[in-house]
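Participant: Provided herewith is a single structure, encoded as structure tokens, for subsequent inquiry.
The values are calculated or read from the model by the stated rules, or taken from the named source; none is laboratory data. These numbers come from a predicted model, not from an experiment. Cβ: placed from backbone, ideal geometry, glycine included. Neighbour counts: every protein chain shown.
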Amino acid sequence: MARTRQEELDLASSHYYFTKQQVGIDNRCREFMIARCLPFVRTGPVLELGFMDGQWTEHFLRLGCSVTVVEGARRNVEFGMKRYAGDARVAFVHSLFEDYEPDSRFQTVHVGGVLKHLPDPDALLRRIRGWMTDDSVLITTTPNARSLHRRIGMHMGLLEDLDALSETDVKVGNLRHYDLDSFRALLEGAGYRIRELKCAMLKPLSSSQMENWDDGVLAALDRVVDEIPDYGWYIYAICALK
């Protein structure tokens with residue numbers, strides 16, 4: 001019997017979230033990307049599509065925002081509701097993004113690393129436009145298909161090409177990868193004006209090989225990526241309505 005979307009999501013989420021890699025080196029690297037995005041956050045209601053473990057949520061709260069989290073993975077929702085129990089600033093909605101219908105608009109919408117999982121990312125991006133005001137900001141992120149560590153993996157024969165899905169990609173539910181050009185095309189095609197589209201963090205090796213690298217090295221790698229942006233690990237886009 002074929003799995004439902006909910007069952008597929010719960011299974012995929014069990015392969016990455018709350019692992020040593022996710023809460024360790026990957027979150028440490030993500031902090032540099034988050035720091036690049038925070039100056040664009042508008043104080044007020046934030047819609048967070050995809051929760052993971054609250055890494056972004058904590059930053060939104062420090063900026064004085066209230067946060068509505070929409071998350072499909074039961075495990076993540078349960079973790080978040082326990083973590084923020086009694087905190088009126090954070091509300092959780094357990095729902096697939098395709099089924100979510102807000103009753104208000106948001107100053108900031110954060111779509112973190114989830115577009116690569118969706119059967120129809122364009123449809124979601126078009127719906128999000130109706131959840132924003134004229135001065136709202138959309139922050140969306142995705143791994144870069146052309147990152148340095150994927151290029152190295154391809155030359156080692158671990159990937160057939162830069163668009164290929166690895167065994168890990170399949171386990172965590174990735175359906176595709178984006179590079180800077182295809183991510184721009186997706187966002188502009190869905191009706192957004194891009195204010196900033198860049199990469200953060202140069203990731204030369206796998207997460208397991210970098211897990212003990214100190215913060216000074218990671219900070220330098222985040223600065224270096226501005227010189228060779230097409231090789232960066234994570235793409236981030238800051239968008240407004242056209």
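Participant: Please find, among 228, 238, 139, 152, the residue that is touching a His at 6+ places or on another chain (Cβ under 6 Å) and either more than 27 Å from residue 60 (Cβ to Cβ) or surrounded by 15 or more Cβ atoms within 10 Å (Cβ to Cβ) (or both).
Facilitator: 139
Participant: Out of the residues in segment 75-97 that are touching a residue at least 40 places away in the same chain (Cβ under 8 Å) and within 16 Å of residue 46 (Cβ to Cβ), which is surrounded by the fewest Cβ atoms within 10 Å (Cβ to Cβ)?
Facilitator: 92
Participant: Yes or no: residue 90 under 18 Å from the mean Cα position of the chain (by Cα), at pLDDT 95 or above and among the hydrophobic types (A, V, I, L, M, F, W, C)?
Facilitator: In short, no.
Participant: I need the full set of residues from segment 41-84 which are in a helix (DSSP H, G or I) and over 16 Å from the mean Cα position of the chain (by Cα), in order please.
Facilitator: If we filter segment 41-84 for residues that are in a helix (DSSP H, G or I), which is where we start, we get 55-62, 74-83.
61, 62, 74, 75, 77, 78, 79, 80, 81, 82, 83 - these are the residues of segment 41-84 that are in a helix (DSSP H, G or I) and over 16 Å from the mean Cα position of the chain (by Cα).
Participant: Which one of these does residue 102 not meet: (1) surrounded by fewer than 19 Cβ atoms within 10 Å (Cβ to Cβ); (2) touching a residue at least 60 places away in the same chain (Cβ under 8 Å)?
Facilitator: It fails just one condition, (2).
Participant: Could you check segment 208-226 and list, in sequence order, the residues that are β-branched (Val, Ile, Thr) and either in contact with a strand residue (DSSP E or B) (Cβ under 9 Å, 6 or more places away or on another chain) or touching a residue at least 24 places away in the same chain (Cβ under 8 Å) (or both)?
Facilitator: The answer is 225, and nothing else.
Participant: Check whether at least one residue in segment 131-138 is modelled with pLDDT of 95 or more and either more than 20 Å from residue 46 (Cα to Cα) or under 18 Å from the mean Cα position of the chain (by Cα) (or both), and report yes or no.
Facilitator: yes
Participant: Just to check your reading of the model, which residue among 205, 197, 187 is assigned to a helix (DSSP H, G or I), touching a residue at least 12 places away in the same chain (Cβ under 8 Å) and at negative phi?
Facilitator: Details: 205 fails: assigned to a helix (DSSP H, G or I); 197 fails: assigned to a helix (DSSP H, G or I).
Criteria check complete, one pass: 187.
Participant: Moving on. Just checking, which of 157, 173 is part of a loop (DSSP other than H, G, I, E, B) and surrounded by 17 or more Cβ atoms within 10 Å (Cβ to Cβ)?
Facilitator: 173
Participant: Here's something else I'd like to know. Give the number of residues within segment 147-190 that are more than 20 Å from residue 122 (Cβ to Cβ) and of a type in the set (A, V, I, L, M).
Facilitator: Selection size over segment 147-190: 10.
Participant: Could you look through segment 165-206, keep only residues that are among the polar types (S, T, N, Q) and either over 27 Å from residue 39 (Cα atoms) or in contact with a strand residue (DSSP E or B) (Cβ under 6 Å, 6 or more places away or on another chain) (or both), and pick out the one that is modelled with the highest pLDDT?
Facilitator: Residue satisfying both the conditions and the ranking: 206.
Participant: Same structure again: Checking residue 168 against (1) among the hydroxyl-bearing types (Ser, Thr, Tyr); (2) part of a strand (DSSP E or B); (3) over 18 Å from residue 232 (Cβ atoms), which test does it fail?
Facilitator: Status for residue 168: all satisfied but (2).
Participant: Of the conditions (1) among the β-branched types (Val, Ile, Thr); (2) in a helix (DSSP H, G or I); (3) within 23 Å of residue 72 (Cβ to Cβ), residue 140 clears all except one; give me its number.
Facilitator: With (1) among the β-branched types (Val, Ile, Thr); (2) in a helix (DSSP H, G or I); (3) within 23 Å of residue 72 (Cβ to Cβ) applied to residue 140, the lone miss is (2).
Participant: In addition: Which condition does residue 139 not pass, out of (1) in contact with a strand residue (DSSP E or B) (Cβ under 8 Å, 6 or more places away or on another chain); (2) free of Cβ contacts under 8 Å to residues at least 60 places away in the same chain; (3) within 30 Å of residue 103 (Cα to Cα), if it passes all the others?
Facilitator: Looking at each condition in turn, residue 139 falls short on (2).
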